[in-house]
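To start, the structure under review is shown below, and the notes come after it.
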Amino acid sequence: MSEGIYAALSGAVAQAQALDTVAANLASSGTQGYQRMRTVFREVLAGTSPDGAPLRYTQIASSPTDTTPGALRSTGRMSDAALPPGAYLSVMTPQGERYTRAVSLQVRADGAIVNVSGHAVLGDNDQPLQAQAGAGQLEIRANGTVVQTGNDNPIGRLKLVRFEDASNLTHEGSMLMAAGPETGDPVPSTAPVVAGSVEESNASVVAAMNDMVAATRTFEAFQRVIDTFRDADRRVVSTVPGNG
C-alpha cells in the first residue's frame, strides 16, 4: 500500500477533529462570556519509508482558547458585570473550582449566590458568597464587591483571578473552564469590573461558518486523495505480475 495514503488519512482525521472545535464555537456563539477555541495543526515526522523518504503526518497540536474580550452589552442589571481582559470569576462545581467570564449573579432560595449555571460564586476568602434574607437586590461595585441594596453592607468581594497563560484553559461546556499546569496558578485580579453589562461571546457566527466550510472542503479533498491512492493500489494489484 502507498505510504501517501497514511499522510492523507492523518490529514482527514485532523480536519474531522477541527470540525468538532468549529461546531463547539458555533453552538456557543450566543453564550455569555464564551471564549472560542482555535485549532493548531502540526507536522509530525513518523519515520522513513523503505526507500529512505521521510514519512510526515498531520495532527492537531492543541486547541488553545482565544482570550480576546467579546463585545460588551448593557443589561441595566447591577448584578451583572463584565470583567477586565484576562480576568475570570471563580465558582465552585462538583468537580472543584472552575472559572468563567460570565458574571450574572442570582440568589437561590437558601440565600446562596450562584451564577446562571447554578454554581456557587466564590468570594476572595475562598468561601461561597451568601445573601442576607430580605436585604434587597444584589449589586456589584466596580471593585468587585457585592452588596445588597437594602442595607448597602458588603456581602464580600468576588474572587477574580488571572493566569500566566489563560489560552491553555480547558473548556468544560460553554461557560466553565478548568485550569491546569500549562496555565500557571491563579493570581488575584484587582482591575475594575463594568457593572450593569455582560460580555458577549467572542465566537462569531460568520467566522465559525467560514471555518466549518473550509474544514469540510479540506476533509473532502483528503478523502479524494485517499480514494486516488486506493485506486492506484488496486490497479497495481490487478496488472502487475506476481501481485494477483
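Please give the FRET efficiency for D110 paired with R141, using the beta carbon to beta carbon distance and R0 = 22 Å, rounded to the nearest 0.05.
About 0.35, to the nearest 0.05.
Taking the Cβ-Cβ separation of T190 and Q95 as r and a Förster radius of 30 Å, what is the calculated FRET efficiency to the nearest 0.05?
0.65
Count charges around R98 for me, please; just the other residues with Cβ under 13 Å from its Cβ, Lys/Arg as +1, Asp/Glu as -1.
The answer is 0.
So if I restrict to the alpha-carbon atoms in the range 70-190, what is the Rg, and what is Dmax, the biggest pairwise distance, in Å?
Cα only, the range 70-190: 14.0, 44 Å (Rg, Dmax).
For the pair D231 and S117, what calculated FRET efficiency results from E = 1/(1 + (r/R0)^6), where r is the Cβ-Cβ distance and R0 = 45 Å, to the nearest 0.05?
Using R0 = 45 Å, I get an efficiency of 0.30.
Each reported figure results from applying straightforward, stated rules to the coordinates on display, with no laboratory input. Source: prediction; values computed, not measured. So basically every Cβ, Gly included, is an ideal-geometry build from the backbone, and we count neighbours across all protein chains shown.
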